[in-house]
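The values are calculated or read from the model by the stated rules, or taken from the named source; none is laboratory data. In this text the structure is predicted, and so the values were computed from the model without any measurement. Cβ coordinates were reconstructed from backbone atoms using ideal geometry, including for glycine residues, and neighbour counts include every protein chain displayed.
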Amino acid sequence: MKRFRQVYLPLMMAILVFPIDFNRAQEPGSSSPYVYRPSGIRLAVKDSSQNRWIDSAEKSARDEYSEALPAGFRTDSIQTYGPSTDSLLAREAFVRDSLIQHQHVLDSLRHLQSLLPVLLDASLKTWSDEIIFRTSGVQIIGDTILSPFEADKITFDFTAPYMPWKTRINMPPKLTFDSEGIRIVAMETPQFSYRYSYSGAGDIVLLHSKSAVLNRSSGSVYKTPVDSVYLDHQHRVVKIKHYVQYHSVVNTYQKGAALFTSLEWVKQLRYDSKNALVGYELTRFCERMRSSDPQKVCSQVVYEIALQGGEYRITRKNSPDNEFSDGVFTYTYQGENLSSVAFRNAQGTENRKTIVELNEAGNVSRYLYEKDGKINQTLLVNYQEISGGKLKVETISCMFEDDGISYYQKNNSTGKSRQRDKMTLEWSDWR
């Protein structure tokens with residue numbers, strides 16, 4: 001008993017004087033001076049964030065973990081969450097806006113896809129003197145861009161560089177819309193520039209070209225071209241009327257009072273049940289100098305178009321008759337590229353052929369002109385790259401004699417020529 005009083009009573013007094021603060025005790029490894037807390041003792045602590053009582057050890061561990069997390073993250077006693085509600089809402093808004101923007105772009109492309117092919121077809125058939133027999137339309141690529149518009153045409157120019165049997169227009173051209181943003185009222189491409197107006201039913205499109213001052217022997221006049229393009233129920237071009245409105249000239253270059261309107265030419269096109277062009281007619285009217293001059297037909301040419309065995313046969317008939325140009329053209333293709341054109345006139349007195357050779361880029365490198373089975377002339381087409389990636393074109397005519405050798409060449413770009421010695425076969429300098 002005496003032993004108990006000497007040992008245990010002082011110990012109990014010490015405990016009462018210096019109590020242990022269980023609220024501040026932490027788990028081993030903490031930097032707190034209270035390095036021990038009996039695992040069997042837990043205190044209830046108020047969690048103000050969730051308005052409930054939790055275990056003090058749980059709260060202590062959560063507090064330490066939360067301090068180590070970046071802003072925008074939170075924890076509870078079970079798991080860790082990612083972005084906060086505000087961050088998720090912002091991401092949802094971004095995705096929603098992106099989808100809306102993508103849909104707006106796609107709707108705009110679809111609207112252009114419905115408008116451009118008709119206007120491009122009408123514009124090219126008005127602008128070009130050649131026969132456009134097939135177009136590619138406009139496709140949407142990757143929901144973001146439009147494919148180029150391509151037109152295949154029957155060309156009679158066998159001196160042109162590049163690919164004269166094809167016209168390519170990159171998308172989009174320079175466009176102007178009406179105030180409602182629905183109809184195209186102006187378009188500009190490297191080939192043409194037109195302003196457009198429409199009939200109420202939409203089956204007639206008016207193409208307005210740039211005006212110009214025409215100097216005549218009788219005096220200057222101000223001319224404004226206007227083309228009326230007629231469409232059928234399938235929006236195919238069936239007729240084009242080319243008018244010129246004449247006005248007087250004031251102040252040297254300005255438009256004055258209206259004088260008269262003259263019809264200059266009319267194109268008419270026919271199609272078969274498969275939408276292929278089978279007929280093309282061009283009527284030209286004589287030039288009128290004044291309003292009192294009668295409207296007279298000066299010439300007319302009719303083309304009948306047929307596809308036979310992969311070749312296009314074009315029968316041309318002039319009015320009045322032309323024994324040199326009336327006849328049948330046969331266009332032969334290799335893939336999409338023209339390889340040769342043969343012509344035989346109606347009387348059988350003309351029999352010639354043009355062979356087309358291409359370079360690696362697909363452009364014409366040489367025309368070979370054959371007559372009655374012999375090549376008597378060729379045209380070399382050279383391309384030189386200049387600044388900006390553009391090409392400078394140079395053509396050289398080569399004349400051949402009966403022995404199949406060329407003794408004379410002329411550079412059509414510089415006007416210089418050279419000759420070959422028939423004995424040594426050496427060329428002279430360009431002069």
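The table that follows gives values for the structure above.
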item	result
Criterion: crowded, with 17+ Cβ neighbours inside 10 Å, more than 25 Å from Ser325 (Cβ to Cβ) and not assigned by TED's automatic domain parsing to the domain that holds Ser136 - qualifying residue of Ile396, Ile386, Ile405	Ile396
Every residue from the stretch 111-150 that is in a helix (DSSP H, G or I) and surrounded by fewer than 13 Cβ atoms within 10 Å (Cβ to Cβ)	Ser114
Residue match in the stretch 112-134 (condition: within 22 Å of Leu307 (Cβ to Cβ), without any contact (Cβ under 8 Å) to a residue 24 or more places away in the chain, in contact with a strand residue (DSSP E or B) (Cβ under 6 Å, 6 or more places away or on another chain) and not small (Gly, Ala, Ser))	no
Leading residue by the ranking (nearest to the chain's Cα centre (by Cα)) among those in the stretch 321-373 that are of a type in the set (Lys, Arg) and within 12 Å of Phe158 (Cβ to Cβ)	Arg366
Strands (runs of 3 or more DSSP E) enclosed by the stretch 151-207 - at least 2 residues per element that are exposed (fewer than 13 other Cβ atoms within 10 Å of the Cβ)	174-177
Selected residue (criterion: nearest to Thr330 (Cα to Cα)) from residues of the stretch 264-305 that are touching a residue at least 40 places away in the same chain (Cβ under 8 Å), part of a strand (DSSP E or B) and not hydrophobic (A, V, I, L, M, F, W, C)	Tyr303
Filter pass, Lys210 being of a type in the set (D, E, K, R) and buried (at least 17 other Cβ atoms within 10 Å of the Cβ)	no
Residue check, Met187 aliphatic (A, V, I, L, M), out of contact with any Lys or Arg (no Cβ under 9 Å at 6 or more places or on another chain) and in contact (Cβ under 8 Å) with a residue 12 or more places away in the chain	no
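The rows are residues; the columns are (1) under 13 Å from Leu119 (Cα atoms); (2) out of contact with any His (no Cβ under 7 Å at 6 or more places or on another chain); (3) assigned by TED's automatic domain parsing to the domain that holds Thr126.
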residue: Val185; (1), (2), (3): yes, yes, yes
residue: Glu188; (1), (2), (3): yes, yes, yes
residue: Lys210; (1), (2), (3): no, yes, no
residue: Ser228; (1), (2), (3): yes, yes, no
residue: Val249; (1), (2), (3): no, yes, no
residue: Tyr253; (1), (2), (3): no, yes, no
residue: Glu264; (1), (2), (3): no, no, no
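Yes/no per residue for (1) under 26 Å from Trp127 (Cβ atoms); (2) surrounded by fewer than 16 Cβ atoms within 10 Å (Cβ to Cβ); (3) among the aromatic types (Phe, Trp, Tyr):
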| site | (1), (2), (3) |
| --- | --- |
| Pro225 | yes, no, no |
| Thr261 | yes, yes, no |
| Gly309 | no, yes, no |
| Tyr312 | yes, no, yes |
| Asp326 | no, no, no |
| Thr330 | no, yes, no |
| Asn337 | yes, yes, no |
